[in-house]
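The values are calculated or read from the model by the stated rules, or taken from the named source; none is laboratory data. Just so it is clear, the model here is predicted, and its values are computed rather than measured. When we count neighbours, we look across all protein chains shown, and the Cβ atoms used for this are built from the backbone with ideal geometry, even at glycine. Heads up: the accessible areas ignore ligands, DNA and RNA and are worked out on the full protein's heavy atoms, side chains in. Shrake-Rupley method; radii C 1.70, N 1.55, O 1.52, S 1.80 Å.
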Amino acid sequence: MGRAGRSYGRRRLAGVTKSSPETDLGRTRRARRIGRALTETHPDAHCELDHSNALELSVATILSAQCTDKKVNEVTPKLFARYRTAADYAGADRTELEEMIRPTGFYRNKTSSLINLGRALCDRYDGEVPRRLADLVTLPGIGRKTANVILGNAFGVPGITVDTHFQRLVRRWNLTAETDPVKIEHAVGALYPKRDWTMLSHRVIFHGRRVCHARKPACGACTLMKLCPSYGTGPTDPTVAVKLLKGPRARDLAAAAGIDPELVPQQAVAAEVP
């Protein structure tokens with residue numbers, strides 16, 4: 001039996017199974033272990049929207065709705081060169097702006113959000129992006145999720161970003177049973193030190209995009225298999241699961257899970273991260 005086969009035999013029963021409900025303390029300890037494992041698994045985790053300041057990040061997050069970060073990053077260099085200030089967006093020609101952001105989808109609604117964002121920033125905050133959550137969520141196109149992205153990555157204020165990946169994973173890990181994003185944010189935030197919130201968000205999202213996919217998670221090639229109550233949702237055979245890893249570090253992810261990285265096909269390494 002080969003290396004991958006031996007790993008499968010050892011790990012097949014490695015999922016978390018409980019005969020009695022997990023205590024709050026037990027959940028917190030497991031959550032912290034998950035956090036440490038994610039730190040080791042995704043040392044490259046970061047905000048995947050290219051930006052150099054708070055305004056650019058605000059614009060990029062608005063454009064990212066129903067669009068991949070990769071596509072947004074293809075559009076923003078020219079956009080940021082043309083529109084440098086809130087006043088530029090406030091006074092933008094709608095037709096021109098629509099054409100520039102058309103590839104991100106829903107471009108008419110997004111154009112309205114960007115123009116109105118520029119106007120609101122100029123009218124209420126002297127053209128500057130505010131640094132408080134309470135202020136950010138009053139701005140056009142900025143919801144709580146987007147506000148936390150801005151706070152954590154532009155201003156260094158810890159925040160948890162509850163996107164679809166984050167919601168899926170924390171529920172699979174049984175860290176919370178909540179379905180409302182704000183309640184998820186508070187429930188998960190209570191399990192971790194506040195200083196860790198921003199990077200935790202990045203690592204969870206990285207894991208969701210590269211390993212723990214919505215329809216077919218790579219359970220047998222996951223570094224969290226011994227901590228995950230949902231182990232077995234996807235294939236547990238490493239030789240199958242390893243092919244589900246995605247991104248340029250797919251082989252590093254396989255190695256971190258104890259699987260021969262040579263089993264990762266080139267198409268997995270070249271696959272676009274969702």
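Protection proxy ranking, highest mean first, for peptides 157-170, 78-91: 157-170, 78-91, where packing is the per-residue count of other beta-carbon atoms within 10 Å, averaged. Under the convention that each Lys and Arg Cβ holds +1 and each Asp and Glu Cβ holds -1, the size of the dipole of the stretch 119-204 around its Cα centre is about 260 debye. Taking the protein heavy atoms of the chain in the context of the full set of protein chains, the accessible area attributed to carbon and sulfur is 49 percent at 1.4 Å. In a reduced charge model with +1 at each Lys and Arg Cβ and -1 at each Asp and Glu Cβ, the stretch 65-116 shows a dipole moment near 100 debye about its Cα centre.
Can you give the helix-only mean residue ellipticity at 222 nm for the chain, where every DSSP H stretch with n ≥ 4 adds -39500 (n - 2.57) and the sum goes over all residues, rounded to the nearest 500 deg cm²/dmol?
So the helix-based figure for the chain works out to -15500 deg cm²/dmol.
For the stretch 234-274, the Kirkwood hydrodynamic radius from C-alpha pairs, put into Stokes-Einstein at 37 °C and a viscosity of 0.692 mPa s, yields a diffusion coefficient of 333 µm² per second.
Placing +1 on the Cβ of every Lys and Arg and -1 on the Cβ of every Asp and Glu, with no other charges, gives the chain a dipole of roughly 1320 debye about its Cα centre. Only lysines eight or more places from LYS71 in sequence, or on another chain, were considered; those with a Cα closer than 20 Å are LYS110, LYS145, LYS246.
Computed from Cα atoms alone, the Kirkwood hydrodynamic radius reported for the stretch 175-274 is 14.3 Å. Derived from the Cα gyration tensor, the three semi-axes of the equivalent ellipsoid of the stretch 6-152 are 40, 19, 13 Å, largest first. For the stretch 144-232, the alpha-carbon coordinates run over 38, 23, 22 Å along the three principal axes, in decreasing order. Diffusion coefficient (Stokes-Einstein, Kirkwood radius over C-alpha pairs, 10 °C, 1.306 mPa s) for the stretch 85-243: 89 µm²/s, rounded to a whole number.
So if the hydrodynamic radius of the stretch 181-223 is defined as the Kirkwood radius over C-alpha pairs, what does Stokes-Einstein give as its diffusion coefficient at 20 °C and 1.002 mPa s, in µm² per second? Mind dumping the intermediate values first?
Values: Rh = 11.6 Å.
Estimated diffusion coefficient is 185 µm²/s.
Per residue, the average separation of C-alpha pairs within less than 8 Å and at least 6 apart gives the chain a relative contact order of 21 percent. In the stretch 117-274, a dipole from Cβ-located charges (positive for Lys and Arg, negative for Asp and Glu) runs towards its positive end, and of THR239, PHE166, ILE150 it is THR239 whose Cα lies farthest in that direction.
May I ask for the percentage of alpha-carbon pairs in the stretch 29-90 that lie more than 14 Å from each other?
For the stretch 29-90, the share of Cα pairs beyond 14 Å comes to 63 percent.
Ordering ALA90, THR76, ALA45 by the projection of their Cα atoms onto the charge dipole of the chain, which places +1 on the Cβ of Lys and Arg and -1 on the Cβ of Asp and Glu, puts ALA45 at the extreme positive end.
If r is the Cβ-Cβ distance from ASP135 to ARG32 and R0 is 30 Å, what FRET efficiency results, to the nearest 0.05? Spell out each step's value before the answer.
On the way: r = 32 Å, r/R0 = 1.07.
Efficiency at R0 = 30 Å is approximately 0.40.
Across every pair of different alpha-carbon atoms, what Kirkwood hydrodynamic radius in Å does the chain reach? Value: 20.0 Å, from the Cα pair sum. The solvent-accessible area of HIS186, taken with every protein chain present and a 1.4 Å probe, is close to 110 Å². Measuring nothing but alpha carbons in the stretch 120-192 and taking Rh as the Kirkwood radius, the Rg to Rh ratio lands at 1.05.
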